[in-house]
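Take a look at the structure set out below.
The values are calculated or read from the model by the stated rules, or taken from the named source; none is laboratory data. Note that this is a predicted model, so its numbers are computed, not measured. Note that we place each Cβ from the backbone using ideal geometry, even for glycine, and neighbour counts take in every protein chain shown. For the accessible areas, the whole protein counts, side chains as well, though only heavy atoms, and no ligand, DNA or RNA atoms are used. Shrake-Rupley method; radii C 1.70, N 1.55, O 1.52, S 1.80 Å.
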Amino acid sequence: MRKPLMAGNWKMFKTPAETQAFFEKFLPLVEKSTHCEILICPPFVNLAAAAAATAGSGVGVGGQNLYWAPEGAFTGEISAPMLKAAGCRSVIIGHSERRQFFGETDETVAKKTKAALAAGLQPVVCVGEMLDERESGQTNAVLERQFRGGLGSLTPQEFAQVVIAYEPVWAIGTGRTATPEIAADAHKFLREQVRGSFPDSAAGVRILYGGSVKPDNIKGLMAQPDIDGALVGGASLEAISFASIVNF
Ligand code: PGA
């Protein structure tokens, strides 16, 4: 009943011309891939190129961040209505790089999630523990805190639109993927959190795994019952590699 979502997070990579070249190669490779939803989140300056390239294809485009006010004197920021107008379907919120390098907190995640929902964007909200937190046995406590702080104040109707991405920080960009079993445990724990706070969404909410997802490990991850897709960084930059993840 949960349709997988395969999402690419391009981070700070590619120009508009490179974006167009990616889709020329990528779209034919996923033309028949109706088993999942596909989303690409490029840097803001590539949204127009991505929206134009994907028009009519079923492949969605998303932002990587947003600011919660709809407009105003906030130099350098981009709002949810702007993303929507630029052709976005979704937006990543609370990625660990934003938490680590740009001061993102559970409180700002909550504000951004509400702003995204108000503009009709699907929030892809990231949670995940750091290595020292895992090694000191705090994984579940961290996930619970991030879940409650970022998503706990939504209404059930709002929560029903949300996608969660579990991204253990120690697995991002390191080549060190969580084993399918480690990921499955965290996903199961997160779904229990959803069951506690938003019981009607527990069966339907999609929980993506992210962190060094590659063509050769996606199958094992997707075989886990609570893993409903992937949020892919490095391996989404290259058309053949991301297409083989999509078509796992
Ligand atoms: P990675 O990044 O696939 O390059 O590890 C994942 C992410 O940060 O979303």
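Which one is least open to solvent (accessible area, probe 1.4 Å), of the residues in the stretch 153-192 that are touching a residue at least 60 places away in the same chain (Cβ under 8 Å) and β-branched (V, I, T)? Show your work before the answer.
If we filter the stretch 153-192 for residues that are touching a residue at least 60 places away in the same chain (Cβ under 8 Å), which is where we start, we get 163, 165, 167, 169, 172-173, 190.
Checking the rest, the ones that are also β-branched (V, I, T) come to 163, 169, 172.
Values: V163: 2, V169: 26, I172: 26 Å².
Filtering first and then ranking leaves V163.
Pick from the stretch 118-133 the residues that are farther than 16 Å from W68 by Cβ and not in a strand (DSSP E or B): which of them is nearest to the ligand (Cβ to nearest atom)?
G128
For residues in the stretch 195-213 being under 18 Å from A184 (Cβ atoms) and out of contact with any strand residue (DSSP E or B) (no Cβ under 6 Å at 6 or more places or on another chain), which is most open to solvent (accessible area, probe 1.4 Å)? Break it down stepwise before answering.
If we filter the stretch 195-213 for residues that are under 18 Å from A184 (Cβ atoms), which is where we start, we get 195, 202-203, 205-213.
Still in the running and out of contact with any strand residue (DSSP E or B) (no Cβ under 6 Å at 6 or more places or on another chain): 195, 202-203, 205, 211-212.
On the way: R195: 127, A202: 3, A203: 50, V205: 8, G211: 6, S212: 12 Å².
Checked the stretch 195-213; the qualifying residue most open to solvent (accessible area, probe 1.4 Å) is R195.
Please count how many residues of the stretch 201-239 are in contact (Cβ under 8 Å) with a residue 40 or more places away in the chain, within 16 Å of the ligand (Cβ to nearest atom) and of a type in the set (A, V, I, L, M).
Going through the stretch 201-239 one residue at a time, the tally reaches 10.
Quick check on this structure: which one of E144, E107, E97, E129 is touching a residue at least 12 places away in the same chain (Cβ under 8 Å), surrounded by 15 or more Cβ atoms within 10 Å (Cβ to Cβ) and more than 17 Å from the chain's Cα centre (by Cα)? Quick ask: steps written out before the conclusion?
On the way: E107 fails: surrounded by 15 or more Cβ atoms within 10 Å (Cβ to Cβ); E97 fails: more than 17 Å from the chain's Cα centre (by Cα); E129 fails: more than 17 Å from the chain's Cα centre (by Cα).
Every option except E144 fails the conditions.
Please enumerate the residues belonging to the stretch 44-81 that are under 26 Å from G229 (Cα atoms) and open to solvent by less than 20 Å² (accessible area, probe 1.4 Å).
Hits for the stretch 44-81 are N46, L47, A50, T54, V59, G60, V61, G62, G63, N65, L66, A80.
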